[in-house]
Amino acid sequence: MFDFSNHRLPVADGVELAVSIGGSGTPVVLLHGFPQTRLMWRHVAPELARDHTVICPDLRGYGDSDKPSGDYSKRVMAADIVALVAALGFDRFAVAGHDRGAHVAIRAGLDHPAKVTHVASLDVLPMLDSWDILHGLNASVAFHLYLMAQPAPLPERMIAGAPDDFFGHFLDAWTNDPNAIPADVRAQYLKASRTAIPSIVADYRASAGIDLDHDRADRDAGRRLTMPVTVIQQDWGTALGFDAAALWKPWAADLEHRTVNAGHFMAEEDPALITSELRRLLSRGGR
């Protein structure tokens with residue numbers, strides 16, 4: 001995949017993650033979002049691999065990785081990433097995540113501050129704030145959050161009734177550039193999502209339950225990300241009426257917040273910009 005070497009590596013309880021690895025140097029982990037796979041980093045990863053060991057896994061439950069039943073909390077998914085990096089012989093790593101992967105990256109930084117040197121979050125809000133903001137008319141842009149929060153098996157059955165329509169809706173609605181996801185890549189995303197409906201729903205369902213419990217406990221305890229953090233997102237605040245940067249400040253001691261003109265799939269729409277922002281983050285002194 002994008003001329004990297006491809007592997008399957010065990011992370012926990014017999015679960016294996018599919019991962020593409022390239023380059024050499026300090027490690028950078030790139031985590032994909034929904035409804036995508038590690039293929040979303042096909043433009044950014046080779047550029048970062050000029051200076052870093054770049055590690056691109058499919059998250060638990062997505063793509064070519066295992067899809068066990070059970071716990072899809074971001075805590076478990078973040079522990080997968082820590083175990084994956086350790087299996088590759090690294091003690092510490094930087095991590096950038098988009099969408100669902102951003103939530104995993106943030107949880108990795110909160111739970112494993114001694115392991116994570118830098119965190120980048122692409123186009124999400126802190127999870128607790130998302131639920132506070134995406135209600136009423138604003139919920140129309142995030143109806144899938146409410147659908148997949150419902151008890152099994154209703155959302156799984158509904159999505160399975162028209163999977164390509166469901167997943168394809170987001171690939172179409174969330175991009176500003178229809179050429180950013182070409183037909184062959186789109187087909188791979190749809191195939192991967194079509195075969196992972198239960199685990200994708202489980203990931204989202206966790207974000208309406210146990211993930212909120214973990215985030216609330218951290219907020220109440222005053223825990224925050226202590227490493228350099230960059231948040232890159234669309235101008236959600238103007239569209240939905242809030243200050244996105246202000247929402248992030250309580251979560252990160254060393255925060256840079258960037259608003260960009262690209263659509264949600266920004267690593268595919270403007271990979272040069274995202275590569276530049278990640279390099280900028282990595283140049284900041286980590287611990």
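Where a number appears in this text, it was derived from the coordinates with a stated rule and is not lab data. Keep in mind it's a predicted model, so treat the numbers as computed, not measured. Methodologically, a virtual Cβ is constructed for each residue, glycine included, from the backbone with ideal geometry; neighbour enumeration extends over all protein chains shown.
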field: Protection proxy ranking, peptides 189-199, 97-107, average beta carbon neighbours within 10 Å, highest first
entry: 97-107, 189-199
Separation of alpha-carbon centers, the stretch 62-123 and the stretch 231-260, rounded to whole Å: 21
- prompt: Hey, rough spin-label estimate for Ala208 and Arg186, points 7 angstrom out along Cα→Cβ, what's it come to in nanometres?
  reply: 2.8
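Please give the calculated 222 nm ellipticity per residue for the chain, where each DSSP H segment of at least 4 residues contributes -39500 (n - 2.57) and the sum is spread over every residue; nearest 500 deg cm²/dmol?
Calculated mean residue ellipticity at 222 nm is -12000 deg cm²/dmol.
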message: Run the simple label-point estimate for Arg280 and Ser24 please: 7 Å along Cα→C-beta, distance reported in nm.
response: 3.0
field: Antiparallel bridges, percent of DSSP beta bridges restricted to the chain (to nearest 5)
entry: 30
- line: Correct semi-axes for the stretch 171-287, from √(5λ) of the alpha-carbon gyration tensor and rounded to whole Å with the largest first, are 27, 22, 15
query: What distance in nm separates the simple spin-label points at Leu137 and Ala245, each placed 7 Å from Cα in the Cβ direction?
result: 2.7
message: Students often get this wrong: which residues of the stretch 105-137 have the backbone nitrogen under 12 Å from the point 7 angstrom along Cα-to-C-beta of Arg216?
response: 128
query: Under 17 Å from a point 7 Å along the Cα-to-Cβ line of Arg8: which residues of the stretch 50-70 have their amide N that close?
result: 57-69
field: Where a label projected 7 Å from the Cα of Thr238 along Cα→Cβ would reach, residues of the stretch 250-275 with amide N under 12 Å
entry: 259-262
- request: Determine the alpha carbon to alpha carbon distance for each of Lys115/Lys249; Lys67/Lys115; Lys115/Lys191 and list only those over 31 Å.
  value: Lys115/Lys191
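In whole percent, what relative contact order does the chain give with Cα contacts below 8 Å and a gap of six or more residues? Spell out each step's value before the answer.
Values: 515 pairs, mean separation 58.1, N = 287.
Relative contact order of the chain: 20 percent.
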query: So, with +1 on the Cβ of K and R and -1 on the Cβ of D and E, and no other charges, what is the size of the charge dipole of the chain about its Cα centre, to the nearest 20 debye?
result: 560
